[in-house]
Amino acid sequence: MRKTAATLVAGLMLGVAACGDTGGGSGDAVDYPTRTLQIMAPAGAGGGWDITARTIQKALKDGNLVTGSVEVSNVTGAAGTVGLAQLATKHKGDAHQLMITGLVMVGGVVTNKSAVDLTQTTPIATLTAEDEVIVVPASSPYQTLKDLVEAFKANPAGIKWGGGSAGGTDQILVGMLAKAAGIDPKQMNYIAYSGGGETKAGLLSGDLTAAVSGVGEFKDLVAGGQVRALAVSGAQGIDAGNGTPATTIKQAGYDVELQNWRGIVAPPGIKDGERAAIIALIDRLHESDAWKQAVTQQGWTDFYRSGDEAKAFYDSESARIRDVLVAAGVVA
Amino acid sequence: MSELLSGFATVLSPWNLLFAAIGVTVGTFVGVLPGIGPALTIALLLPITFSLDDPVGALIMFAGIYYGAMYGGSTTSILLNTPGESASVATSIEGYQMARRGRAHAALATAAIGSFVAGTISTVLLTLIARPVASLATSFRASDYFALAVLAMVCVTALVGSSVIRGLLSLSLGLFLGLIGIDSLTGQSRFTFGTLELLDGVGIVVVIVGLFAIGETLHVAARGDVPATVEPVRPTGGVLGWLSRDDWRRSWRPWLRGTAFGFPFGALPSGGAEIPTFLSYMYEKHRARGKGEFGKGAIEGVAGPEAANNAAFAGVLVPLLTLGIPTSATAAVLLAAFQIFNVQPGPQLFERSPDLVWALIASLYVGNVMLLVLNLPMIGLWVKVLQIPRPLLYAGILVFATLGVYAVSNSVVEVLIAYAIGVIGFFMRRYGFPLAPVILGVILGPLMEEQFRRALQIAGGDATVFVTRPLTVVLLSLAVVALVVPYLPGIVARSRGRRAGKLTFAEDD
């Protein structure tokens, strides 16, 4: 019974793999998963990576995409680099151990001088993304991003930028913006807070000139009129809280695009056939109603790339983020 | 008011009452178990609630867990000197001494009733003045936080005990532990010796479990001469007899004062529940000066801190509900829970989801009553824990402590760190070093350092920021006053060659 089901799933996956994967997996498709599928969330329970992992777990089961069980484990620490190191060493070659990752880990690898980086994993896919938003207090003299950046140019240290941890997504965005505006990122005065909540408090108390965080973090304050959203960081203007799409940084005239994306990777050293099978499974997950529904419910933006496309994205993102952090002086 | 009543109507449905009951019960147990705190529990329960259509029940349950953990946290502190949460450390100082003198019933009762009183009063405050408190709390800038941390540090320095050197060494250990990990402002790692596991620092849970649960176990095992069990003083009469008339008289003011410390600190975006417990403890001790009972089981030292940590919880909800700012680890997980149900806490919450907010607030009133009803009868049961033979009891504590640390981190390294701290804790007990300053160092040290540097960074390196902002100046002046005044008599006495009043908290053998 179990075996027939597994064969059936493998057969289905073979079909999907054939059309879904664009030439990456040259090996023969294999039975997958043949035992319990482990998904590691390299951060604490309740965070974005954890919720992503648990949503995948639920969607795989609800959509009957796997017959065996799916387990989620949390490995906390250091922007996910503790989990990354485990994946690359302890789980090397184990195709049944997947890990959630994202932009934060790419930055963490650089700032924590991690011995292992994401290019050493087997990238499977990117899944979702969230725009960043740049906000100022309602009483701020800066009405547009251009106003703010002009003031930033005139006196780089005078603008007090606030956001999440040093070397994280928020600082990366400010660094990119500085670079695009022709300001030496080393001159920016970026004040790191331990999270979106503290950043909010810092902006409201008057300590900060401008704050950067995920769009969701400031939506309610924007809607309530306490803060003003100057720009969002994605490719298209999205609603930052006041009901109309906010301008993108690009539209404001600065060539910057950055999204806080999340994805999934497998350990290094797995067979080509296994890689193809995992990609096929995640492709099917992405197509499933259970996943689509969860993405809507969580307010995530779909950011799907899989297989070779994902690999190329992981590589280019790793290089790009390292450059920004070096330019900003966060790492030598 | 009608909104609150409709909130009650929602909560008093059988289904939501059930959620509240589950929440407070689970919370009480995780509070009792060392290492496993409300944040972890709620985080683990989050995925289960994905499938619920109605967020109200789940959020009521989560609030109950948070509250329950604050109630339960006092139990092991009092009975076994092994606080499971950082907010219960202050309770353990006098509470354990009370238990050793057979007054465990009274200690647990004042903790439970004090928690109820503080919880109810602060919920009323939350109901009535959430908005103004929140806007006041968010006016605190980095320099103000630094000044506040200095003030708190100065106020609790007396925790160092009779031997200043020992106390300062303990404090230094705490400050050092607080330094380990990634520096939050620059992203550079400190004292990590190249290990990834240390990059996020040594968690407060690990320190508390190591220092108290593991350290105490080793200490008890090494002494061997501890009486097998403590025979509790037989309380007279029923549940209400656990507190004598004198206990009531001595408890009610600390309850109110503890509430006054706890609520505002909880509402501050960088406040938390620990600092007010220590402040309340020190204040009660200061007031009781001369009676000589502190250090030997003064009921005020239990009543105050326990009220403070419960009041802090309603305080924590103020910035969480009105601005979406979480001020503790558990609040951060609660925020995640709100977001999962597509409810964004913030200024719009009261208008957009009044049903939810008022049901949540009403559930706090209900939860408080439930916890009192649940906890008072349990006191008799908990006290029986003391009759378990010591080897079995402490073996059990070790198991739960180890599990707790492992559950939080999934990391054997963290367990090893906890045990290493446990060995340090053992030697500290052995040689009369006070433990509370270590916790102070871990909590206040990073807060002070971070806010000090942040204030300077914001001011562009201009140190006058600490003397130009009125609130900062007021707080720093208070710190100076607090530093000098209580020590004047002691300094004078010592300079005349006499010993100042006994201030020790080390176990008196």
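Read-outs: derived from the displayed coordinates by stated rules, not from any lab. Because the structure is predicted, anything quoted here is derived from the model rather than measured. Glycine gets a Cβ as well: all are built from the backbone with ideal geometry, and neighbour counts include every protein chain shown.
For B:LEU4 and B:ALA222 in the same chain, what is the full-extension length gain: residue separation times 0.36 nm, less their Cα-Cα distance, in nm?
This chain segment gains 73.0 nm when fully extended.
Which one, B:LEU198, B:MET370, B:VAL117, projects farthest toward the positive side of the charge dipole computed for the stretch B:2-495 from Cβ point charges (K/R +1, D/E -1)?
B:VAL117
Report the Cα centroid-to-centroid distance between the stretch B:6-28 and the stretch A:223-266 in angstrom, as an integer.
Rounded to whole Å, the Cα centres lie 39 Å apart.
Mind putting a number on the dipole of chain B about its Cα centre? Charges go on the C-beta only, +1 for Lys and Arg and -1 for Asp and Glu, and I need it in Debye to the nearest 20.
Taking the Cα centre of chain B as origin, the dipole is about 1860 debye.
Taking θ as phi - 60°, what are the ³J(HN,Hα) couplings along the stretch B:409-414 by the Karplus curve (6.51, -1.76, 1.60), each to the nearest whole Hz, with x for Gly and Pro?
Each residue of the stretch B:409-414 in turn: 10, 6, 9, 5, 4, 4 Hz.
Between the stretch A:303-332 and the stretch B:159-220, how far is it from one alpha carbon centroid to the other, in angstrom?
A separation of 35 Å, based on Cα centres.
Where in chain B is the longest stretch that carries no trypsin sites (Lys or Arg not before Pro) classed as loop by DSSP and with at most 15 other Cβ atoms within 10 Å?
In short, B:297-495.
Could you give each residue of the stretch A:83-100 its phi-based ³J(HN,Hα) in whole Hz, using Karplus coefficients 6.51, -1.76, 1.60 with θ = phi - 60°, and x for Gly or Pro?
So the Karplus estimates, Gly and Pro as x, are x, 4, 4, 5, 4, 7, 10, 5, 9, 3, x, 9, 5, 8, 10, 9, 9, 7 Hz.
Magnitude of the Cβ-charge dipole of the protein assembly as shown, K/R +1 and D/E -1, about the Cα centre, nearest 20 debye?
Magnitude of the dipole: close to 3000 debye.
Can you run phi through the Karplus equation (6.51, -1.76, 1.60; θ = phi - 60°) for the stretch B:172-188 and list ³J(HN,Hα) in whole Hz, with x for Gly and Pro?
For the stretch B:172-188, the Karplus curve yields 4, 4, x, 4, 5, 4, x, 7, 4, x, 6, 5, 5, 8, 10, x, 7 Hz.
Would you grab the residues whose amide H sits under 5 Å from the one on A:VAL72? Only those 5+ places off in sequence or on another chain, please, with H modelled 1.01 Å from N.
Residues meeting the criterion, in which the H sits 1.01 Å from N, are A:ILE39.
Taking Rh as the Kirkwood radius computed over C-alpha pairs, what is the Stokes-Einstein D of the stretch A:132-232 at 25 °C in a medium of viscosity 0.890 mPa s, expressed in µm² per second?
The diffusion coefficient I find is 188 µm²/s.
Return the average number of partner chain Cβ atoms within 10 angstrom of each residue Cβ along peptide B:348-354.
Partner Cβ neighbours, averaged per residue: 2.
Using label points projected 7 Å from each Cα along Cα→Cβ, tell me how many nm separate B:TRP248 and A:ASP272, to one decimal.
8.3
A:ALA151 to B:LEU471: FRET efficiency via 1/(1 + (r/R0)^6), r the Cβ-Cβ distance, R0 35 Å, to the nearest 0.05?
According to the calculation, E is roughly 0.80.
Using the alpha-carbon atoms, what tilt in degrees (0 to 90, nearest 10) does helix A:196-205 show relative to the longest principal axis of chain A?
Approximately 10 degrees, to the nearest ten.
Determine, from the Cβ-Cβ distance of B:GLN387 and B:ARG101 and an R0 of 25 Å, the FRET efficiency 1/(1 + (r/R0)^6), rounded to the nearest 0.05.
My answer for the efficiency is 0.95.
Suppose only helical runs count, i.e. DSSP H with n ≥ 4. What mean residue ellipticity at 222 nm does that imply for the protein assembly as shown under -39500 (n - 2.57) per run, divided by all residues and rounded to the nearest 500 deg cm²/dmol?
Taken over the protein assembly as shown, the calculation gives -19000 deg cm²/dmol.
Can you give me the angle between helix A:308-327 and the longest principal axis of chain A, using Cα atoms only, in degrees from 0 to 90, rounded to the nearest 10?
Between helix and principal axis, roughly 30 degrees.
Considering the dipole of the protein assembly as shown built from charges on the beta carbon (Lys and Arg +1, Asp and Glu -1) around the Cα centre, which of B:THR75, B:LEU46, A:LEU37 is farthest to its positive end?
Positive-most Cα among the choices belongs to B:THR75.
Could you give the dipole magnitude of the stretch A:132-232 about its Cα centre, charging the beta-carbon of Lys and Arg +1 and that of Asp and Glu -1, in debye to the nearest 20?
180
Which order do the peptides B:212-219, B:131-138, A:84-91 come out in when sorted by mean C-beta neighbours inside 10 angstrom, highest first?
B:212-219, A:84-91, B:131-138
In percent, how large is the relative contact order of chain A, given Cα pairs closer than 8 Å and 6 or more residues apart?
Result for chain A is 28 percent.
Can you tell which of A:ILE172, A:THR81, A:LEU221 lies farthest toward the positive end of the dipole of chain A, using +1 and -1 charges on the Cβ of basic and acidic side chains (Lys, Arg; Asp, Glu)?
So the residue we want is A:THR81.
Enumerate the whole-percent occupancy of each 10 Å bin, from 0 to the last occupied one, for all C-alpha pair distances of the protein assembly as shown.
Going out from 0 Å in 10 Å bins, the protein assembly as shown shows 2, 13, 22, 25, 20, 12, 5, 1, 0, 0 percent.
Work out the FRET efficiency for A:LYS92 and A:THR244 from their Cβ-Cβ distance, taking R0 = 51 Å, and round it to the nearest 0.05.
0.55
When Cβ neighbours within 10 Å are restricted to other protein chains, what is their mean count per residue of peptide B:340-346?
5
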